[in-house]
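Scroll down for the structure; my scribbles are underneath it.
The values are calculated or read from the model by the stated rules, or taken from the named source; none is laboratory data. From a predicted model like this one, the values you see are computed outputs, not experimental measurements. For neighbour counting, all protein chains shown are included, and Cβ atoms are generated from backbone atoms with ideal geometry for every residue, glycine included.
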Amino acid sequence: MRLDFIFDFGSPNAYLCHRALPVVAARTGAAFNYVPVLLGGIFKATGNRSPIEIYQGVESRNKYDQLEINRFCVEYGIVDFTFNPHFPINTLSLMRGAFAAKKMGVFESYVDEIFKHMWAKPRNLNDPVEIGKVLSELGLDARTLMSMTQEPDIKQQLVASTGRAVEDGVFGAPTFFVGDEMYFGKDRLHLVEDRIRAQNV
């Protein structure tokens with residue numbers, strides 16, 4: 001059964017889902033397939049915009065969004081979410097890096113570390129030097145990984161993954177697929193879990 005988690009490091013809600021998925025996995029036995037995409041590419045292809053841009057200046061909406069984040073964090077035991085003061089961050093290199101990390105066999109640790117320094121212990125991941133420091137601190141070969149992000153096959157993997165997501169109807173992140181059913185946003189995670197249970201019956 002298809003069980004995809006479509007993400008971009010630039011989405012705070014994708015980070016929150018990343019932190020919540022182990023809870024869902026423990027309750028259901030499900031193993032999620034992490035699918036890196038370029039959210040900016042999806043926005044461009046679909047005509048969508050980020051919620052921060054859409055609701056800029058809508059104080060009541062932004063207060064409610066913060067309330068929903070707080071509720072989600074309490075529900076899933078997330079205590080380390082912090083908005084990145086360097087936001088917005090261009091995630092092109094970071095998302096290419098996810099495919100490079102797959103090739104190097106360090107995908108899971110790479111995803112954990114980049115998400116952490118985007119939304120838990122924020123650093124300026126617009127800066128290639130800072131990215132290199134983060135990777136080196138993780139014990140990865142930062143120079144090799146960052147060099148791989150410029151390889152044509154790595155670039156094409158991100159383009160192809162983003163294109164497939166758009167073809168499947170994805171317009172933002174986080175997005176989940178359980179079989180053929182699509183669910184958008186962290187607030188649909190309950191439905192994702194329900195659908196997994198129904199499929200496992």
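Please enumerate the residues belonging to the stretch 134-155 that are assigned to a loop (DSSP other than H, G, I, E, B) and touching a Gly at 6+ places or on another chain (Cβ under 8 Å). Scanning the stretch 134-155 gives a single hit, 149.
Only one residue in 170, 178, 166 is surrounded by 14 or more Cβ atoms within 10 Å (Cβ to Cβ), touching a strand residue (DSSP E or B) at 6+ places or on another chain (Cβ under 7 Å), modelled with pLDDT of 95 or more and under 16 Å from residue 47 (Cβ atoms), so which one is that? So the residue among 170, 178, 166 that is surrounded by 14 or more Cβ atoms within 10 Å (Cβ to Cβ), touching a strand residue (DSSP E or B) at 6+ places or on another chain (Cβ under 7 Å), modelled with pLDDT of 95 or more and under 16 Å from residue 47 (Cβ atoms) is 170.
Scanning the stretch 156-201 for residues that are of a type in the set (Gly, Ala, Ser) and part of a loop (DSSP other than H, G, I, E, B) yields 169, 172, 173, 179, 185. Determine whether residue 154 is touching a helix residue (DSSP H, G or I) at 6+ places or on another chain (Cβ under 6 Å), in contact (Cβ under 8 Å) with a residue 12 or more places away in the chain, within 17 Å of residue 38 (Cα to Cα) and not aromatic (Phe, Trp, Tyr). Answer is yes for this residue.
Can you spot a residue in the stretch 124-133 that is assigned to a helix (DSSP H, G or I), β-branched (Val, Ile, Thr) and touching a residue at least 40 places away in the same chain (Cβ under 8 Å)? No, the stretch 124-133 contains no residue that is assigned to a helix (DSSP H, G or I), β-branched (Val, Ile, Thr) and touching a residue at least 40 places away in the same chain (Cβ under 8 Å). Of the residues making up the stretch 17-41, those that are surrounded by 14 or more Cβ atoms within 10 Å (Cβ to Cβ), within 23 Å of residue 99 (Cβ to Cβ) and under 13 Å from the mean Cα position of the chain (by Cα) are 17, 18, 19, 21, 32, 34, 35, 36, 37, 38, 39, 40.
Looking only at the stretch 1-54, how many residues end up being in a strand (DSSP E or B), in contact with a Lys or Arg (Cβ under 9 Å, 6 or more places away or on another chain) and hydrophobic (A, V, I, L, M, F, W, C)? Total satisfying the criteria: 1. One residue stands out in the stretch 55-79 among those that are assigned to a loop (DSSP other than H, G, I, E, B) and modelled with pLDDT under 95: the one that is nearest to residue 188 (Cα to Cα), namely 55.
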